[in-house]
Amino acid sequence: MALMTGDNYLASIEKLDHQVFIQGKKCLDVTDHPISRPPAMAIAETYFQAEQAETKSLFTAQSHLSGETINRFTHIQHSKEDLVKKILMLREMGRKTACCFQRCAGLDCLNTVYAMTYDMDQSFGTEYHGRFVDFLKHVQVNDLVTAACMTDTKGDRSLSPSKQKDKDQYLHMVEERQGGIVVRGAKLHITGAVNSHELIVVPTRALKEEDKDYAVAFAVPADTEGVTFIYGRQPSDTRRLEERRSDVGNLFYGGCEAMVVFDDVFVPQERIFMRGEYSMTGRLVELFAAHHRASYGGCKVGVGDVLIGAATAIAEAQGTRNASHVKDKLAEMIHLNETLHAGALASAGKGYATASGAYAVDPLLANVCKLNVTRFPFEISRLAQDIAGGLLVTMPSLDDQDNPVVGKYIHKYLVGKTDVDSDKRMRLLRLIENITLGTGAVSYLTESIHGAGSPQAQKIMIARLADLESAKSYAFKLCGI
Ligand SMILES: Cc1cc2nc3c(=O)[nH]c(=O)nc-3n(C[C@H](O)[C@H](O)[C@H](O)COP(=O)(O)OP(=O)(O)OC[C@H]3O[C@@H](n4cnc5c(N)ncnc54)[C@H](O)[C@@H]3O)c2cc1C
């Protein structure tokens, strides 16, 4: 099959018979619901970009399995250039959508499981890699979206999975059946889950022998029996339900997460990629984390570009653009944003080939990149809000402009410079509000902290990966010890 178009993608999700609940009600078509349509449109954009002459080379790749042209979001990276192109593609998507476009976790998970199944076969004589390659062919040939289901509900964080009072706080195997296994548990915060064709499930932490039943990895179609999606709420999401959607800020796109429940789901043998190999879970989590932490230096940087653009435009509209402190703040925002990108690109530039042949990023630099991501978007947002002024959070609705009684006051008093009308100024402020406080802040801010692991997870990896013994020896040599 050729690459899907954006419209084909939307039609394929509409056809999915998956169980989705939004605000207490079953949703029959996520592509048509006012709250969940913008996230579906953001993913559709990843297909649209692969069709465009200007972006095609970035958004497509040559499959190492078939030699065919595939969407880069389904590609196994086989060179440093591939790693770099992924980061550049993610930045481009961030710029085009100013939201989480929901495909990098799935891509990073494909690359992780590809490498890990190879390693497991080498260590244990299992047959996981061939199965995974078959699954990958299915994804590439049909141009599908995959969601990465890693994060468990975790209950008491101080206890390991098997020590939890409720054993289902981490997803685990509950039964072996003819031709497969049955799993139970729930995965939280799953980005793009309701807009994905396939769910890839992997363990969320390093496991010990006592937690063997939790060491499972597999893939199931989103409409598998027993799988239920409960859609996550976002700040000001119901503005999308208003008649004219005037105050949504981002008119076209959004991100989404869901709680994904696996209530005794049967997984056939051919879709199982790990079953009990607990000693490999630590490496799997670290490899995924490295891939995914580098991704944040692409997508968030693209959203940062939009925020910096909006901050520049609002400064122009309000007559402050040439003030020295505003110029300085814009330069600071650019500096922070490009620093994020530099870390991601450097991690790709120092990438390496895994035993499977798939490439992985340098883990130390990927963790440094992500630790910066947990901080810099907040500072960029603070500076954007500083430049924007208080109207960002006190302004009336854009709809008030059309009211016969108050409209004239809005048009008179909420203008900026002489040639800037209230509509232009308010739209820019709404976009800044969306990214720093509204639906967009879910991914630009809170996901920047916790997505791909909370800050402490990066600190632990940085401390572990840094070569302090070499550093000490340089110091000793120079001071004559
Ligand atoms: C917008 C968004 C999108 C996401 N998308 C995905 C996705 O697509 N797929 C996916 O699998 N996951 C996804 N995640 C999940 C993300 O990886 C987790 O949020 C992250 O790993 C933190 O886990 P948690 O939310 O359970 O918080 P917790 O683990 O509860 O962390 C909260 C705090 O407790 C601390 N803490 C946790 N455990 C311990 C401990 N044992 N001892 C001491 N301190 C501890 C942490 O350091 C942190 O400060 C997403 C998250 C967000 C916010």
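None of the figures in this text is laboratory data; all of them are computed from the coordinates on show. Note that the coordinates shown come from a computational prediction; the quantities given were computed from them, not determined experimentally. Positions of Cβ are backbone-derived with ideal geometry, glycine not excepted, and every protein chain shown enters the neighbour counts.
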- Given labels modelled 7 Å from the Cα in the Cβ direction, how far is it in nm from K208 to D467? 3.2 nm
- Could you calculate the contour length gain from S236 to A355, that is, 0.36 nm times the residue separation minus the distance between their Cα atoms, to one decimal place in nm? 38.2 nm
- To the nearest 20 debye, the range 283-478 has a Cα-centred charge dipole, built from +1 on Lys and Arg Cβ and -1 on Asp and Glu Cβ, of 460 debye
- Query: Which shape class, rounded, prolate or oblate, goes with the range 1-145 when its Cα gyration tensor gives a ≥ b ≥ c as root eigenvalues, a/c under 1.5 marks rounded, and past that a/b bigger than b/c marks prolate?
  - Reply: oblate
- Message: What FRET efficiency comes out for R95 versus T5 if R0 is 25 angstrom and r is the Cβ-Cβ distance? Round to the nearest 0.05.
- Response: 0.70
- Query: Once you charge only the Cβ atoms, +1 for Lys and Arg and -1 for Asp and Glu, what is the size of the charge dipole of the range 228-308 about its Cα centre, to the nearest 20 debye?
  - Reply: 200 debye
- For a paramagnetic label modelled at 7 Å from the Cα of R245 toward its Cβ, which residues of the range 364-399 fall within the zone defined by backbone nitrogen distances under 16 Å? 398-399
- For the K417, E51 Cβ pair and Förster radius 35 Å, calculated FRET efficiency rounded to 0.05 is 0.35
- For K477, list the aspartates and glutamates whose Cα falls under 19 Å from its own Cα; do not include residues on the same chain fewer than 8 positions away. D467, E469
- Compute the Cα gyration tensor for the range 266-374, then decide on rounded, prolate or oblate, letting a ≥ b ≥ c be the square roots of its eigenvalues: rounded whenever a/c is under 1.5, prolate when a/b is larger than b/c in the other cases, and oblate in all that remain. prolate
- Integer Hz, Karplus 6.51/-1.76/1.60 couplings in order for the range 252-269, x for Gly and Pro: 10, 10, x, x, 7, 10, 8, 7, 10, 9, 10, 9, 6, 8, 7, 10, x, 2
- Query: List the lysines whose alpha-carbon lies under 25 Å from that of K15, not counting same-chain residues fewer than 8 positions away?
  - Reply: K25, K26, K137, K187
- Message: For a test of the definition: using alpha carbon positions, the gyration tensor, and the 1.5 limit on a/c, classify the range 283-478 as rounded, prolate or oblate.
- Response: prolate
- Roughly speaking, what is the centre-to-centre gap between the range 61-107 and the range 144-209 when only Cα atoms are used, to the nearest Å? 25 Å
- Please sort by residue number the trypsin sites (Lys or Arg not before Pro) in the range 390-421 whose DSSP state is loop and whose Cβ has at most 14 other Cβ atoms within 10 Å. K417
- Note, the range 137-143: 3J(HN,Hα) by Karplus (6.51, -1.76, 1.60, θ = phi - 60°), whole Hz, Gly/Pro = x, goes 4, 4, 5, 6, 5, 9, 6
- Item | Scaled radius of gyration (Cα, divided by 2.2 N^0.38 Å) that the chain gives | 1.02
- Item | Selection from M395, L188, S324 lying farthest towards where the dipole of the chain points positive, charges on Cβ | S324
- Query: Suppose every K and R has +1 on its Cβ and every D and E has -1 on its Cβ; what is the size of the dipole of the range 211-273 about the Cα centre, in Debye to the nearest 20?
  - Reply: 360 debye
